[in-house]
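Quick note: the coordinates plus some simple rules give every number you see, no bench work behind them. Since we're looking at a predicted model, the values are computed, not measured. Using ideal geometry, Cβ is built from the backbone for each residue, glycine included, and neighbour counts are taken over all protein chains shown.
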Amino acid sequence: MRPTSSTGAAPIDRLPLQHPEYRYPSSRNPYYIKVRDFPGIIYTDNDTEAHRGQWLSLFKDGDKTPKRPLHVEIGCNGGHVTLEWAASTPRAAWMGLDWKFKQIHRGAEKAEKRGLGNLIFLRAHADRLRYMFAPGEVDHLYLYFPDPWPKKGQWKHRWLNGENLLAAAGVVRSGGTFHIKTDHAGYFEWMEKAVASLGAESPWVVEKLTRDLHNGHADPLSLEIPDVTLFEKLFIRKQIPIHSMWLKRR
């Protein structure tokens with residue numbers, strides 16, 4: 001018999017993804033099993049929600065520095081940027097979140113090879129952010145080049161909306177930040193409207209906004225990871241302007 005929710009309604013892996021009792025279904029993806037080869041480096045599915053409020057105690061480097069900053073990249077892919085951040089800033093704690101098993105596995109392989117004990121990967125959906133982190137647990141949040149879902153019929157799939165901005169605010173501490181980048185002008189306009197829709201009571205303040213991030217740089221083609229992402233390097237070569245927004249948590 002399939003498990004049901006405590007209300008006796010729908011099976012818990014068929015509840016809406018944002019529902020508190022949602023359970024990730026199993027997968028035939030071969031990396032569904034392989035990601036378990038990296039305990040303590042990869043947390044997957046509902047295991048990502050079992051340590052809410054305790055993440056700083058779980059990093060393999062054992063650093064117990066008081067108020068150690070926790071950085072989280074949403075949509076980290078294979079961790080190209082997060083890996084370099086972790087290597088260059090070992091006193092901070094870094095986490096990469098993505099829903100693709102294979103990419104998370106690749107990131108963990110590299111982290112282990114490089115001995116990066118200050119980096120953890122989460123295989124999970126960003127819609128579950130509020131269940132992964134306690135209020136104010138995250139210091140800095142990043143979202144770089146999310147899928148723009150360019151067709152009007154796809155806009156409902158865009159992650160950055162008013163609801164998710166509030167969810168993100170719920171896990172970021174007061175004074176913390178949320179940095180966003182996209183190459184898609186239409187999605188950026190959508191993001192601006194999402195922030196504005198929160199009104200005067202918004203938990204976020206727009207600290208800085210630009211529609212051409214690298215304008216004025218002497219040689220943007222010379223920029224390397226982690227100052228730019230893999231996608232960003234491609235966009236720069238194609239002379240596609242990068243739109244960026246810095247939000248600060250009130």
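Values for this structure:
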| read-out | value |
| --- | --- |
| Range in the chain, longest, excluding exposed GluC sites (Glu not before Pro) [loop by DSSP; at most 16 other beta-carbon atoms within 10 Å] | 22-223 |
| Global size of the range 92-133 as Cα Rg and Dmax, reported in angstrom | 10.8, 31 |
| Longest to shortest principal axis, alpha-carbon extents of the range 31-249, angstrom | 41, 40, 36 |
| Cα Rg over Rh - the range 28-100, Kirkwood | 0.96 |
| Using distinct alpha-carbon pairs, which all enter the 1/r mean, Kirkwood radius of the range 1-131 in Å | 15.4 Å |
| Efficiency of FRET from Cβ geometry, Ile225 and Gln154, R₀ 22 Å, rounded to 0.05 | 0.15 |
| Given charges at Cβ of Lys, Arg, Asp, Glu: the chain dipole, positive-most of Tyr31, Ser244, Ala111 | Tyr31 |
| Inter-probe distance in nm under a simple model that places probes 7 Å from Cα toward Cβ, at Ala200 and Ala50 | 4.7 nm |
| Thr44 long-range amide H proximity, modeled H, under 5 Å | Arg123 |
| Calculated FRET efficiency for the pair Arg36/Thr89, C-beta based, R₀ 35 Å, to 0.05 | 0.80 |
| The chain, dipole about Cα centre (Lys/Arg Cβ +1, Asp/Glu Cβ -1), debye to the nearest 20 | 400 debye |
| Residue among Ser202, His80, Tyr22 farthest towards the positive dipole end of the chain, charges placed on Cβ | Tyr22 |
| Dipole of the range 31-249 [Lys/Arg +1, Asp/Glu -1 at C-beta], most positive-end residue of Ala126, Leu143, Leu165 | Ala126 |
| Directionally averaged shadow of the range 96-191, computed from the convex hull of its alpha-carbon atoms, nm² | 7.1 nm² |
| Whichever lysines have a C-alpha closer than 24 Å to that of Lys248, once near sequence neighbours (fewer than 8 apart) are set aside | Lys67, Lys181, Lys193, Lys208 |
